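Visitor: My questions will all concern the structure given below.
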Amino acid sequence: MSKFESPLGKIKIASPCSADWNEMYGDEQKRFCGDCKLNVYNLSGMSKADAEALVMNAEGRLCVRFYQRADGSVITQDCPVGWAKMKQRTRAVLAAAFSMVMAVVTGVFFVSLLSPKRAIIGDLKIPFTEPVFQPTMGAIAPPNRNSNMANENRPVVMGNVVVPPVKKKTMVEVKGEIDARPS
């Protein structure tokens with residue numbers, strides 16, 4: 001019996017493309033390239049069986065994207081060795097990022113805990129409240145005629161206020177009898 005050889009091991013790229021995968025429209029398995037007007041298939045985003053079926057059933061020109069090991073074999077989605085390496089690298093990067101975030105948060109916490117408390121100086125903002133009007137009762141005072149602000153169109157006059165003289169009323173003593181008869 002002959003041994004089945006995967007077509008993925010024989011893939012060679014005739015002319016590498018410089019188009020950016022992230023600028024193409026589509027999903028993780030197939031995207032449309034506006035430069036060459038072809039669908040570009042991501043073999044590394046497919047299972048091994050799907051990638052082999054795509055390569056074997058392709059008619060004409062096929063544009064693909066894939067990751068390749070040093071020995072020339074294509075890494076597919078279900079490749080245990082390639083995926084394990086990618087997962088291991090991803091875990092290491094995530095662990096480093098998480099450790100750095102935790103170190104920064106812990107540092108900020110201890111600095112705020114151990115720093116002396118300072119008074120905050122600034123504007124006091126009082127929330128807006130509706131004014132409360134209370135009724136006022138009493139006689140209305142006449143306008144102050146001596147005030148310079150009473151009529152702003154009048155020129156400002158400065159000097160001593162002169163109070164008009166008050167006529168003195170003299171008291172007169174009257175003596176006599178009162179006639180109490182009705183007239």
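The values are calculated or read from the model by the stated rules, or taken from the named source; none is laboratory data. None of these values were measured; they are calculated from a predicted model. No Cβ is skipped: glycine too gets one built from the backbone with ideal geometry, and neighbour counts run over all protein chains shown.
Visitor: Select from the range 1-33 the residues that are over 34 Å from the mean Cα position of the chain (by Cα) and loosely packed, with under 10 Cβ neighbours inside 10 Å and list them in ascending order.
Guide: Met1, Ser2, Lys3, Phe4, Glu5, Lys12, Ala14, Ser15, Pro16, Ser18
Visitor: Residues that are more than 20 Å from Met86 (Cα to Cα) and in a strand (DSSP E or B): does the range 49-57 have at least one?
Guide: No, the range 49-57 has no match at all.
Visitor: Tyr41 fails exactly one of the following numbered conditions: (1) of a type outside the set (Gly, Ala, Ser); (2) under 19 Å from Ser73 (Cα atoms); (3) at pLDDT below 85. What is the number of that condition?
Guide: The single condition Tyr41 does not satisfy is (3).
Visitor: Please verify whether Ser6 is among the hydroxyl-bearing types (Ser, Thr, Tyr) and at pLDDT 80 or above, treating the condition exactly as stated.
Guide: no
Visitor: Inside the range 100-137, can you point out the residues that are hydroxyl-bearing (Ser, Thr, Tyr) and surrounded by 10 or more Cβ atoms within 10 Å (Cβ to Cβ)?
Guide: Within the range 100-137, Thr106 is the sole residue that qualifies.
Visitor: For the structure I just gave you, tell me whether Cys36 is surrounded by 15 or more Cβ atoms within 10 Å (Cβ to Cβ), modelled with pLDDT under 85 and not in a helix (DSSP H, G or I).
Guide: Considered against the rule, which asks whether it is surrounded by 15 or more Cβ atoms within 10 Å (Cβ to Cβ), modelled with pLDDT under 85 and not in a helix (DSSP H, G or I), Cys36 comes out as no.
Visitor: Look at the range 58-79 and say how many of its residues are of a type in the set (Ser, Thr, Tyr) and outside any strand (DSSP E or B). Walk me through it before giving the result.
Guide: The initial filter retains those residues of the range 58-79 that are of a type in the set (Ser, Thr, Tyr), namely 67, 73, 76.
Okay, now just the ones that are also outside any strand (DSSP E or B), so 73, 76.
Residues that pass the stated criteria total 2.
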